[in-house]
Structure formats: C-alpha cells, structure tokens
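Q: I am attaching a structure below and will ask some questions about it afterwards.
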Amino acid sequence: DALPGWSGDMGVWNTAAESGMSAGDFLAAVQAYEQEKQVRGYYGHDDVFAYVQQTCSPDTLASLYAHVCVDEVQDTSESQYSFLRALWRDAQSVLCVGDVDQSIYSFRGAHPTGMTALVENEGFALYKLNTSFRFGEGIARYARHLIGQVAEGREVRVDLTAIHSGGQVV
C-alpha cells in the first residue's frame, strides 16, 4: 500500500525477502529507486507502458494496429497487460502465444495466471500446442515429471509429447 503504482503481485517483495531484506529496507530501497529515476528523468521497464498510456488517448492506442501478436504472454506484468488491453481494444485479431510452465518473471510482477485471465476474462480461445519438435520423448517425460511437481494455483499441463524418441537428462 505504501508503493503507489506498484502491482499487487508480491514477486519483487518475495525475491527481496528471500535474500533477507526487511520490509522497511525494501520500502526504503524502492522509494529511493523511484526518487532517483524521477531526478534523472529515467524510466524503468514498466514505466514506459504507464507513460505511453498517460500521454496517448485510449482511442489513439486502440487505433494503432488492426492485428496484435504478443509472444511470451506468460511473462506479462500487470502494467504490460493494461497497456496491451488498450492496444488491442479495437483490433481485428489478437494472437497471444505463451507457456504457463515457462513463466519466469514473477520477480517483476508477471504471473502465469495472466494467461488464464485472457481466456476467462477476455474471451480468448485457447489452443494447446503440446507437441515438441525440438527434443525427444526422454526429455519430454522428464519435463512432464518436473511440471507435475508445480501447482501455484493453476492447472498444470502434463500432456507434453515429442515427435521422435530419444533424448535423455543426465
């Protein structure tokens, strides 16, 4: 609550807490970081999305592209998602590609449930691509095992298959 504009996702805080940082030190560090950016006129990664939304009208953003493609959508943060919703508002087509089992940016506010929200809240159709053309069944079997260990409050995909045999994990 003390950090206006920061998402409700606790990924950044969890990362800091795991390293032994106290809540007070974390808050002070973030406030110092935000102040220094402002003094220098710098923008962080997510600041760019907020800046564009503040300076462009929603109608301008919505009219930029008739077709929008988003890759690695599982790594979309709250501010990026807000920007994308404005961008694709009037688009003729939207294609989002991602894999919830490859979501690795929780430390900056991304969460794999964002992909689920596209289907549940935005009405997007879901097409699963579960066949690997990169590696063999041996690696796919081990990946299914590892993925099966992860829950994180989401439906876990364990139906990965490979088109050829072989491949091993050592």
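Q: In this structure, does Tyr33 turn out to be over 19 Å from the mean Cα position of the chain (by Cα), farther than 30 Å from Arg144 by Cβ and in a loop (DSSP other than H, G, I, E, B)?
A: No.
Q: While we're on this one: Quick test for you: out of Asp75, Asp90, pick the one residue that is within 25 Å of Ala16 (Cβ to Cβ), acidic (Asp, Glu) and out of contact with any Asp or Glu (no Cβ under 6 Å at 6 or more places or on another chain).
A: Asp75
Q: Show the residue pairs that are 6+ apart or on different chains and have beta-carbon atoms under 7 Å apart, the first residue being within region 71-97 and aromatic (Phe, Trp, Tyr), the second being open to solvent by less than 20 Å² (accessible area, probe 1.4 Å).
A: Qualifying pairs under 7 Å: Trp88/Val68.
Q: Tell me which of these Gly167 doesn't satisfy, since it passes every other one: (1) surrounded by fewer than 16 Cβ atoms within 10 Å (Cβ to Cβ); (2) farther than 30 Å from His45 by Cα; (3) modelled with pLDDT under 85.
A: With respect to (1) surrounded by fewer than 16 Cβ atoms within 10 Å (Cβ to Cβ); (2) farther than 30 Å from His45 by Cα; (3) modelled with pLDDT under 85, Gly167 is out only on (1).
Q: Would you mind listing the helices (runs of 4 or more DSSP H) fully within region 47-151 where at least 1 residues are over 30 Å from Gly166 (Cα atoms) and open to solvent by 30 Å² or more (accessible area, probe 1.4 Å)?
A: 58-62, 78-87, 113-120
The values are calculated or read from the model by the stated rules, or taken from the named source; none is laboratory data. Quick caveat: nothing in here was measured; it's all calculated off a predicted structure. Don't worry about glycine lacking a Cβ; one is built from the backbone with ideal geometry, like all the others, and counts go over all protein chains shown. With ligands, DNA and RNA removed, areas are computed over all heavy atoms of the protein, side chains included. Shrake-Rupley method; radii C 1.70, N 1.55, O 1.52, S 1.80 Å.
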